[in-house]
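The values are calculated or read from the model by the stated rules, or taken from the named source; none is laboratory data. Everything numeric here is computed off the predicted structure, so don't read it as measured data. Methodologically, a virtual Cβ is constructed for each residue, glycine included, from the backbone with ideal geometry; neighbour enumeration extends over all protein chains shown.
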Amino acid sequence: MDFINAFVALANYVIVPGLAYGAQLALGALGVTLIYGILRFSNFAHGDTMAFGTAMTILITNGLLALGITFGPLPTALLALPFAIMLTCVLVLVTDRVVYRFYREQKAAPVILVIVSMGVMFIMNGIVRFIIGVRDINFADGERFIMSVKTFKEMTGLEEGLAIKTTQGITVVVAMIAVALLFWFLNKTRTGKSMRAFSDNEDLALLSGINPEKVVMVTWMIVAALATTAGVLYGLDKSFKAFTYFQLLLPIFASAVVGGLGNPLGAIGGGFVIAFSEVTITYAFKKVIGYMAPNGWEPDSLVQLLSTDYKFAVSFVILIIVLLFKPTGLFKGQSV
Amino acid sequence: MTLTMRNTLLVAFVAMLYILEGSTTFWIFSGSWDSALKMVCFALIGAIMSLGVNLQWGFAGLFNIGIMGFVALGGLATVLVSMPTTPGAWSEGGWQILISLILGAVTIVGAIFTYRWLPKGRMRNVLMVVLLILGFMAFRAVFDGGVAGVEAINPAATGYLGGLNWGGVNYKDLGWLTVVAWPVGGLLAAGAAWVIGKTALGLRSDYLAIATLGIAEIIIAVMKNEDWLGRGVKNVVGLPRPVPYEADLQVDPSFIERAASLGLDPVTVSTLYTKVGYVVLFTIVLLILLWLAERALKSPWGRMMRAIRDNEVAAEAMGKNVTARHLQIFILGSAICGIAGAMMTTLDGQLTPGTYQPLRFTFLIWVMVEPLGHWIAEITTSGLSPDNWFRISMQDAAAHFRLFTMGLVLLIVLRFSPRGLMPER
């Protein structure tokens with residue numbers, strides 16, 4: 001019986017990566033949920049908005065590095081992030097003006113908007129691939145670890161090591177800042193309050209003199225910021241590849257729906273639910289059980305519930321189970 | 001311009017594109033009848049798929065974007081029917097896998113009945129979870145051994161159960177089995193659609209879209225990773241064909257004689273001959289399905305379906321079971337997609353689950369821009385390519401342009417012709 005080592009092994013392989021991945025999903029799901037709350041459709045182009053933002057960040061980072069500007073121990077991409085957010089804002093606002101506004105004025109059915117957003121998704125996907133290609137790009141620089149396995153072992157003298165990557169730390173910190181800013185904006189500012197009012201009851205909001213075009217514009221800008229941040233954090237933590245971001249759409253949707261579409265708190269909760277279930281179900285528990293079980297009882301098999309290839313399948317099974325038993329999500333979102 | 005005239009013009013325009021593709025090397029056209037016929041084959045399969053999609057989207061308003069999953073199941077059926085049985089696979093673990101799958105199914109059915117029959121409360125939930133966990137452990141215990149047994153058999157060439165083809169080494173002689181596989185693919189897709197429809201059809205609009213997409217992803221994930229079933233990403237190649245092989249035709253004296261009497265080169269004729277064979281087979285399937293669809297539309301059943309589509313609430317008030325009819329349509333549409341999927345795998349001669357991408361594929365069918373998209377991508381790239389070097393470096397970009405074009409066509413059609421290129425009267 002060796003609980004401390006078991007816990008450290010679990011933390012190293014499940015808790016820390018799960019937290020970082022959960023934070024990335026939560027930021028992505030917040031964007032989807034905001035669009036759903038205000039514009040009332042599921043935005044399939046979100047994954048590719050993230051990809052576009054990240055691609056811009058990579059280009060600006062390369063530019064900064066060429067000028068010799070770095071961010072010390074932190075990744076240079078964080079310096080490039082604000083500029084990339086601005087560019088992404090321009091992209092989504094132009095898209096809204098050219099594509100979505102027409103359907104908004106028509107009061108088109110949500111399904112039409114979903115199909116339209118898929119068209120936008122293909123176009124953005126094409127643009128991103130055209131700009132930056134389909135390669136795997138690693139753009140994280142600076143210090144690699146906050147704590148490496150070696151230092152942890154030296155510090156504690158334990159058999160198991162615990163590594164925390166800088167990108168994982170940054171992910172959690174940046175996500176917390178972004179969420180705090182978002183909730184402050186939604187709850188304290190005039191525009192944020194009008195957004196919530198618009199989301200709760202559109203007609204009433206219009207009657208009380210809220211300008212819908214302004215609400216929509218602000219929403220798109222916030223979504224662009226959230227999407228770019230989520231994309232950059234994910235890219236720093238793993239790597240950037242256009243196709244991966246396209247696929248990331250699936251767990252992000254799962255997070256938003258599991259938490260309850262239209263509910264920002266739910267999106268965060270859903271992100272962590274999906275992230276942790278993906279990581280735990282595909283993790284081989286052999287080591288952890290080996291430490292917990294009495295001597296000689298160590299299991300022979302990997303004790304892995306499903307192979308890692310089923311990562312996406314896991315998020316969808318959870319999505320479907322939640323939809324069947326609690327159609328409005330775990331945190332009470334809007335129903336369709 | 002009347003509607004009939006517009007439709008006729010549209011058809012004539014597309015037909016002209018095919019003829020130009022075959023006859024001239026001018027501008028974007030390749031001047032090869034082989035490539036033109038291949039496109040016709042794809043277009044026929046696409047037409048069958050869009051029949052299925054149209055049934056679901058247009059007729060019942062079921063926004064299913066997981067078409068790819070059913071297409072993939074159809075492809076799997078082709079392998080399961082037409083490939084030879086791997087020697088020893090069933091005795092090494094095939095039965096064990098089958099038993100474990102039955103165990104898994106029994107567990108799920110048991111859990112459903114526990115949920116339905118027992119009174120609400122903590123007791124029921126605990127019992128259900130315990131049942132599921134025990135069932136899963138039993139399933140894995142039996143399943144893993146079987147899989148290991150099957151996948152160990154010559155993994156470089158087989159390592160899977162194989163199909164029902166009894167021809168052994170000469171399995172390619174039984175090419176007609178692939179045609180049998182088409183309706184089997186339909187049945188397989190229909191079975192899956194029944195399970196999915198039972199669980200997901202209660203959800204409407206956005207949620208149904210996301211759920212069906214997810215289910216398609218799951219089906220593809222299973223096909224990619226369960227090597228014992230269809231070799232996963234290792235692909236099954238060399239499927240038998242319902243039409244003769246070009247190489248066989250080229251050494252067949254009577255065929256060479258006939259080609260010579262027409263004054264044609266036997267090599268070219270043999271490739272065209274097989275392609276025409278596919279075109280004929282696919283046209284027959286399409287005509288049968290179209291005839292059935294026409295019949296169904298004109299029957300009382302079709303009238304009921306239209307009534308449901310026009311006004312669901314009113315139809316329900318008249319005593320029609322809307323949910324059951326939706327399930328019916330969902331199964332029928334998926335079955336048609338399964339048939340088309342089996343046909344596509346037959347045409348390709350191989351099953352490659354790695355290339356199946358749910359979202360992109362659904363829209364290729366829906367907008368039906370695959371043949372058009374090919375030329376549009378050519379136009380965009382050839383317009384940009386003044387010399388050969390640039391053209392080669394742009395090859396990579398062509399694929400991206402294709403995605404871009406697809407999105408653009410989708411948006412333009414939705415905006416300016418929201419009822420499609422050939423609107424219903």
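Under the condition of being assigned to a helix (DSSP H, G or I) and over 21 Å from B:Tyr207 (Cβ atoms), the residues counted in segment A:105-141 number 13.
Every condition in (1) surrounded by 19 or more Cβ atoms within 10 Å (Cβ to Cβ); (2) at positive phi is met by B:Gly168 except one, and the failing one is (1).
A:Leu306 falls short on exactly one of the conditions (1) under 18 Å from A:Leu34 (Cα atoms); (2) in contact with a Ser or Thr (Cβ under 7 Å, 6 or more places away or on another chain), and that condition is (1).
Which one of the conditions (1) surrounded by fewer than 16 Cβ atoms within 10 Å (Cβ to Cβ); (2) farther than 24 Å from A:Pro75 by Cβ; (3) modelled with pLDDT of 90 or more does A:Val173 fail to meet, given that it meets all the rest? So the condition that A:Val173 fails would be (2). If you go through segment B:183-200 and keep only what is surrounded by fewer than 24 Cβ atoms within 10 Å (Cβ to Cβ), of a type outside the set (Gly, Ala, Ser) and either within 11 Å of another protein chain (Cβ to nearest Cβ) or in contact with a Cys (Cβ under 7 Å, 6 or more places away or on another chain) (or both), you end up with B:Lys198, B:Thr199.
Residues in segment B:154-200 that are farther than 15 Å from B:Val236 by Cα and not in a helix (DSSP H, G or I): B:Trp166, B:Gly167, B:Gly175.
Count of segment B:113-132 residues, restricted to those that are under 34 Å from the mean Cα position of the chain (by Cα) and over 22 Å from B:Leu98 (Cβ atoms), is 1. Checked against the criterion of being more than 30 Å from A:Leu249 (Cα to Cα) and surrounded by 18 or more Cβ atoms within 10 Å (Cβ to Cβ), the candidates B:Leu213, B:Leu249 yield just one match: B:Leu249. Among the residues making up segment B:202-254, those that are among the acidic types (Asp, Glu), in a helix (DSSP H, G or I) and farther than 16 Å from B:Val71 by Cα are B:Asp206, B:Asp227, B:Glu246, B:Asp248.
Can B:Gly88 be described as assigned by TED's automatic domain parsing to the domain that holds B:Trp291 and in contact (Cβ under 8 Å) with a residue 40 or more places away in the chain? No; evaluated as a whole, the condition is false for this residue. Filtering segment A:278-297 to residues that are closer than 22 Å to A:Lys165 by Cβ and either among the small types (Gly, Ala, Ser) or assigned to a helix (DSSP H, G or I) (or both) leaves A:Glu278, A:Val279, A:Thr280, A:Ala284, A:Lys287, A:Val288.
Here is a yes/no grid of residues against (1) of a type in the set (A, V, I, L, M, F, W, C); (2) in contact with a helix residue (DSSP H, G or I) (Cβ under 7 Å, 6 or more places away or on another chain); (3) part of a helix (DSSP H, G or I):
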{"position": "A:Ala11", "(1), (2), (3)": "yes, no, yes"}
{"position": "A:Ala26", "(1), (2), (3)": "yes, yes, yes"}
{"position": "A:Gly37", "(1), (2), (3)": "no, yes, yes"}
{"position": "A:Asp48", "(1), (2), (3)": "no, yes, yes"}
{"position": "A:Phe52", "(1), (2), (3)": "yes, yes, yes"}
{"position": "A:Thr88", "(1), (2), (3)": "no, yes, yes"}
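Inside segment A:293-320, residues that are more than 14 Å from chain B (Cβ to nearest Cβ) and at pLDDT 75 or above make up a count of 0. Among the residues making up segment B:270-291, a single one is touching a helix residue (DSSP H, G or I) at 6+ places or on another chain (Cβ under 9 Å), farther than 22 Å from B:Glu246 by Cβ and surrounded by fewer than 17 Cβ atoms within 10 Å (Cβ to Cβ): B:Leu290. Counting only helices (runs of 4 or more DSSP H) that sit completely within segment B:1-96, those holding 1 or more residues that are buried (at least 21 other Cβ atoms within 10 Å of the Cβ) and at pLDDT 75 or above correspond to B:33-54, B:67-82. If you filter segment A:87-116 down to residues that are surrounded by 22 or more Cβ atoms within 10 Å (Cβ to Cβ) and either modelled with pLDDT of 90 or more or in contact with a strand residue (DSSP E or B) (Cβ under 6 Å, 6 or more places away or on another chain) (or both), you find that the one that is nearest to the other protein chains (Cβ to nearest Cβ) is A:Tyr100.
Among the residues of this structure, A:Val32 does not count as one that is more than 21 Å from A:Thr244 (Cα to Cα), buried (at least 19 other Cβ atoms within 10 Å of the Cβ) and modelled with pLDDT under 95.
For segment A:136-147, residues that are within 21 Å of the chain's Cα centre (by Cα) and either under 13 Å from A:Tyr245 (Cβ atoms) or of a type in the set (Gly, Ala, Ser) (or both) total 3. Test each condition in (1) under 25 Å from A:Phe253 (Cα atoms); (2) within 14 Å of chain B (Cβ to nearest Cβ) for A:Ile137 and report the one that comes out false. Among (1) under 25 Å from A:Phe253 (Cα atoms); (2) within 14 Å of chain B (Cβ to nearest Cβ), the lone unmet condition for A:Ile137 is (2). State yes or no: is B:Met123 surrounded by fewer than 16 Cβ atoms within 10 Å (Cβ to Cβ) and at pLDDT 85 or above? Yes.
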